[in-house]
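Laboratory data are not the source of any read-out in this text; all were calculated from the coordinates shown. Bear in mind that the values here come from a model prediction, so they are computed numbers and not experimental data. Here the Cβ positions follow ideal geometry from the backbone for every residue, glycine too, while neighbour counts run over all protein chains shown.
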Amino acid sequence: MRVIVTGGAGFIGSAVVRHLIGKGYEVLTIDKLTYAGSLTSLAAVKDDPRHRFLKADICDRAAMQEAFETFKPDRVMHLAAESHVDRSITGARDFVETNVLGSFTLLEAARHYWNDLEQERKERFRFLHVSTDEVYGSLGDEGLFTEETPYDPSSPYSASKAASDHLAKAWARTYGLPVVVSNCSNNYGPYHFPEKLIPLVILNALHGKPLPVYGNGANVRDWLYVEDHARALDLIAERGRIGETYNVGGRNERRNIDVVTRICGLMDDLHPKAASHADLITYVTDRPGHDARYAIDATKLETELGWTAMETFESGIEKTVKWYLENEWWWGPLREGYDGRRLGLLAQTGAK
Ligand code: NAD
Ligand code: DAU
């Protein structure tokens, strides 16, 4: 099995690459290495002869076409994206370029390659478009996102992902490209760039810095350990039905303040200081357009493809805190480039 993974030097992409190489697949990682991508996240597969790396922008049509023609994939798992909501608020252009135009360019390169395949390989080919539950917008206190929930994105990030989902589905309906779409809830785990809530809070706690909680901390996210997501994506690419969407989530809803408090409790145990880390919790100005609650109904994935999450939030968050405490070699250089300063305030926006 030969798989192209775009965004494979990022958080989830690198977990997918490690998973596929572990299964004995041949993998070509394509990544532009933006601020969010790092070859250090692929250290575990660096010397594996089945792994190749191509530094390229998914917006570069010629580079994408050449990658398809030379690597000759059976599958594409498309994860490359600008992924941080706060950054999309202060500068949406990169999000539109990569998430919309980049996905379009990749779909076109895939379509031209797929069109020329001989019948058996054509039938086997799959394009997995990896997306987010944020395309569904915000839930109230009740209910779950299903695959039928109407799209209602709130942020420039989620709007750009929604656009790319529509493109991917249109390429299946119009051109017959064998596309499958997945929409997942919040991931956490090793190699998570420390701008996102969980790694930011772990490292700020370690360094005795304030732990910023947006608004009143009551917003709810549905957390999934990244390796559970990687297994789900492999399964969806393998057995998902063409043209279908599969929601992915671990049934781990938590209020942000409860997540931060739990991390503080783990830090008190694993890295004790004179005062509790919870003393560092600081309520700050809310995120503009902040979605109140996300929660995934993963019944389709569970019943149709037999997937279940292996980590609970309790087991996953403990592993994650320990991983950050033991792997400064990975996050140290990234924290030098991004020190945890607040992103995504309206006062920081300019015309782009
Ligand atoms: P990430 O920001 O950690 O990684 C994104 C990767 O894409 C980086 O390595 C970056 O260098 C690369 N990239 C960005 N622009 C590129 C371009 N133009 N060409 C080539 N490579 C480019 O993101 P992540 O959290 O790993 O998310 C991966 C995918 O999963 C995204 O599509 C995201 O929307 C989706 N997703 C993320 C989550 C989550 O909780 N993190 C949840 C659901 C879905
Ligand atoms: O739901 C899936 C999405 O999850 C993915 O599509 C995105 O790529 C991913 O970044 C994530 O988006 P969120 O906006 O939910 O993640 P983030 O870690 O930025 O924020 C999680 C919650 O914590 C959110 O309600 C905002 C809040 N928050 C975030 C930060 C960075 C804080 O309270 N303080 C913070 O400092």
#### Entry: the chain: angle of helix 313-326 to the longest principal axis, Cα-based, in degrees nearest 10
80
#### Entry: Cα radius of gyration and Dmax for region 72-209 (Å)
17.3, 60
### Query
Too long at a 28 Å Cα-Cα cut-off: which of LYS209/LYS319; LYS46/LYS273; LYS55/LYS161; LYS46/LYS169; LYS55/LYS300; LYS169/LYS300?
LYS46/LYS273; LYS46/LYS169; LYS55/LYS300
#### Entry: Chain lengthening between THR308 and ASP116 when straightened (0.36 nm per residue, less Cα-Cα)
65.4 nm
### Task
Assuming 0.692 mPa s and 37 °C, estimate D for the chain with Stokes-Einstein, Rh taken as the Kirkwood radius over Cα pairs, in µm²/s.
159
## Note on the structure
Asserting the computed 222 nm helical MRE of the chain (DSSP H runs at least 4 long, -39500 (n - 2.57) per run, divided by residue count, to nearest 500) equals -12000 deg cm²/dmol
### Message
Please give the Cα centre distance for region 301-320 versus region 194-254, rounded to the nearest Å.
### Response
11
### Degrees between helix 256-270 axis and first principal axis of the chain (Cα, 0 to 90, nearest 10)
70
### Task
For region 6-163, calculate the relative contact order in percent as a whole number, restricting contacts to Cα pairs under 8 Å that are 6 or more residues apart.
22
### Query
Relative to the longest principal Cα axis of the chain, at what angle does helix 61-71 sit, 0 to 90 degrees, rounded to 10?
70
### Query
Taking the Cα-to-Cβ direction at MET1 and at HIS207 and moving 7 Å from each Cα, how far apart do the two end points lie in nm?
3.9
#### Entry: Longest to shortest principal axis, alpha-carbon extents of region 161-277, angstrom
62, 27, 22
### Task
Please report how far the C-alpha centroid of region 86-102 lies from that of region 115-167, rounded to the nearest whole angstrom.
17
### Task
Express in nm, to one decimal, how much length is gained between HIS271 and LYS23 on full extension, taking 0.36 nm for each residue of separation and deducting their alpha carbon distance.
85.7 nm
